[in-house]
Amino acid sequence: MADVFVSYARSDKARVAPLVAAIEAKGWSVWWDPEITPGQEFDDQIEAEIDAARAVLVIWTPVSVVSRWVRGEAREAAERGILVPVRFEQARLPMDVRAIHTTDLDGWGGNAASPPAQEFLRALASMIARTQASKSGKAGSGSAAASSEKDTPRFSICVLPFINMSGDPEQEYFSDGITEDIITDLSKVSALEVVSRNDSFLYKGKQIEVLKVAREAKVTHVLEGSVRRAGGRVRITAQLIDGASSKHVWAERYDRDSSDIFAIQDEISEAIVKALKLSLMPEEKKAIERRGTDNAEAHNLYLMARQTYITGQEYDVKSAEAIVRLCARANEIDPRYAQAWALMAIGHRKLREAKGGRSDDGMAAAERALALDANLAEAHAVKAQILLLDGDADAAAAEVAIALDLDPESYEVNRSAGRLNYQLHQYEAAIRFYEKAASLIDADLNSASMLISCYTAVGNAAGMHRAAQLSLKRAEAILARDQNNSVVMGYSAYALAALGEGERAKSRMNRALLIDPDNFNMRYNFACAISVYLKDKEAALEMLGPMFEQITDGAMPYAKADPDLEFLRDDPRYQAMVSAAEARLAAK
């Protein structure tokens, strides 16, 4: 069986041959069957070859994009996670693979040393290495690398939320920010496995038993600490604890000026690496020390904006406005702070979706972030969402593909990929991304709610029920401390309707409309719940009337594609609402 399976249209054989030669020159075996004929594409041999391949190279051309067997092989490879696509002549990619980064080879000229060729060969190398490593311990069997990896002790760590000792609950964002920064820093150490932010924050505010945490999180070590900030000074204590014995491996207290916060975080990360006797590669040390800003005040403002974003909800105008203001101030202090520009773009995007209208502020902020750091995944992700609002799904897909390639673990990247695939009716793909996003931020109601709709669209009742329970649980936790939050009430009503609790859902809708009668996004979500779960066409149309009178240009394509409104689409009254809204928007 070959390392690389090549999928292509037979008429493209001449341009495929040089690519095969370039691959074989790297020492990889290739299966490309130049004798293949239509009708043989799904025979046992091809299935066996794809199953055994470590990577599938799909060559998109204007001919192959309409080939049902090339598209089928691409789908199979994508599902297995081994797809490496390239294209010629700017071929229009099939919708179900647009979110996967594709290398354009128009300029390669048969030269294996050209940048396009090097890009796709690197992608193949990465895929082959990753697939090889996952093959049941077969990676590098008998090699020195395998022996070395086997002999090297593997450590894992859970960084517990640092406790805010400042006596001021409003300083919670700072201690949480320190924790998140340390998690991010340690994640850059290849010899160390780090529990995700969301999983570690499950222990926030709870009495901690280190041995229990280590057992539950399946880690060898636990890091805990506290933060006290007052009068321009910051005191941070940290201790690394062995998860098997509960003994302290390392502990330190830092009492410094607040402006030294970056140095403290670097010292903590390096001390942990040293205590575990790990090797920190030079590039890993540089990555840990590389931050978006050297200005502590700008970083503090960014942490405040980040906390507002994490704890806020979609369509929350006040939250979005606060994010924009905080990031604007951070960027005044340090105009080269790319992360703050990207987060400002997110705030502008949220404002646009909540208030309507068309503003270039979000795109300008995203472009500024990318000009400062072209590899900032969150900037590509928010740019994709803005492009989607503008109706350019192809450009949005390209940005999502770049973002996923840069940071597949990013919350914002997965949110953006989920939204794109949902709007393209690729619900299975949307589910994967929304599941990931919902697992990364435990306050994320939007992703949980979108999962209800996605699972309903694909007919997965169990998945829908589980997503609705998750959404309701998160909503109830917020309403327990903010009972008049109409945005969250809207999410909870949608979840209740999905769970079959129609009367409770209606009661919550009525209360929310009394509090916030002009919130068209909330009305839209209510109409979706009434339509798809309560099957009340009259009530759904009544709810949609005022909404379509205010609907924005960005929300219109989304509404037209939403599967939750399928029940209404044949009704002349619904069609009249859509036509009137489109005419109003076209006249602007």
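The values are calculated or read from the model by the stated rules, or taken from the named source; none is laboratory data. Keep in mind that what you see is a predicted model, and the values were worked out from it rather than measured. Because the Cβ atoms are built from the backbone with ideal geometry, glycine has one as well, and the counts that use them run over all protein chains shown. Note: accessible area is taken over every heavy atom of the protein model, side chains too, but ligands, DNA and RNA are not part of it. Shrake-Rupley method; radii C 1.70, N 1.55, O 1.52, S 1.80 Å.
Using only the heavy atoms of the protein chains and a 1.4 Å probe, how would Lys26, Lys318 rank by accessible area, largest first? Walk me through the numbers before you get to the answer.
Values: Lys26 115, Lys318 165 Å².
My answer, sorted largest first, is Lys318, Lys26.
Suppose R0 equals 45 Å. What FRET efficiency, 1/(1 + (r/R0)^6) with r the Cβ-Cβ distance, do Arg481 and Asp361 give to the nearest 0.05?
0.90
Taking amide H atoms as placed 1.01 Å from N in the peptide plane, list the residues 5 or more away in sequence, or in a different chain, whose amide H sits under 5 Å from that of Ala251.
Leu240
Run the helix sum for the chain: -39,500 (n - 2.57) per DSSP H stretch of 4+ residues, divided by residue count, reported at 222 nm to the nearest 500 deg cm²/dmol. Walk me through the numbers on the way to the answer.
Values: 26 runs with 338 residues, N = 588.
Value at 222 nm, helices only, nearest 500: -18000 deg cm²/dmol.
How long is the gain from Asp104 to Lys247 if the chain were fully straight, where each residue apart is worth 0.36 nm and the alpha carbon distance is subtracted?
Result: 46.1 nm gained on full extension.
How would you classify the stretch 160-315 from its alpha-carbon gyration tensor, with a ≥ b ≥ c the square roots of the eigenvalues: rounded for a/c under 1.5, else prolate if a/b is greater than b/c, otherwise oblate?
rounded
To the nearest 10 square angstrom, how much accessible area does Met95 have with a 1.4 angstrom probe?
We get 80 Å² for Met95.
Can you tell me the FRET efficiency between Gln90 and Ala129 if r is taken as the Cβ-Cβ distance and R0 is 35 Å, rounded to the nearest 0.05?
Computed FRET efficiency for Gln90 and Ala129: 0.75.
What shape does the stretch 508-588 have by the C-alpha gyration tensor, where a ≥ b ≥ c are the square roots of the eigenvalues, rounded means a/c under 1.5, and otherwise prolate means a/b greater than b/c and oblate the rest?
Cα axes put the stretch 508-588 in the oblate bin.
Between Asp294 and Glu582, what's the calculated FRET efficiency when r is the beta-carbon distance and R0 is 51 Å? Round to 0.05. Walk me through the numbers on the way to the answer.
On the way: r = 50 Å, r/R0 = 0.97.
That gives a FRET efficiency of 0.55.
Say a site is exposed when it is one of the GluC sites (Glu not before Pro), sits in a DSSP loop, and has at most 14 other Cβ atoms within 10 Å; what is then the longest site-free stretch of the chain?
That would be 210-408.
Carbon and sulfur: what percent of the stretch 194-259's accessible surface (1.4 Å probe)?
Here it works out to 46 percent.
Any chance you could check the Cα centroid distance between the stretch 46-102 and the stretch 411-458 for me, in angstrom?
For the stretch 46-102 versus the stretch 411-458, the Cα centre distance is 23 Å.
Specify whether the C-alpha gyration tensor of the chain places it in the rounded, prolate or oblate class, a ≥ b ≥ c being the square roots of the eigenvalues: rounded for a/c under 1.5, otherwise prolate if a/b is larger than b/c and oblate if not. Can you show the working numbers first?
Values: a/c = 1.67, a/b = 1.03, b/c = 1.63.
In terms of gyration-tensor shape, oblate.
Given a 1.4 Å probe and every protein chain left where it sits, what share in percent of the accessible area of the stretch 478-558 is carbon and sulfur?
45
Just reorder Asp360, Asp571 by solvent-accessible area, largest first, 1.4 Å probe, all chains present.
On the way: Asp360 115, Asp571 15 Å².
Correct descending sequence by accessible area is Asp360, Asp571.
Quick test of the membrane-span-like rule: which DSSP H helices of the chain reach at least 24 Å along their long axis (C-alpha atoms) with mean Kyte hydropathy at least -0.5?
115-133, 317-333, 338-355, 461-479
Could you provide, to the nearest whole Å², the per residue accessible area of the chain with probe 1.4 Å?
45
Count charges around Val30 for me, please; just the other residues with Cβ under 9 Å from its Cβ, Lys/Arg as +1, Asp/Glu as -1.
It works out to a net charge of -2.
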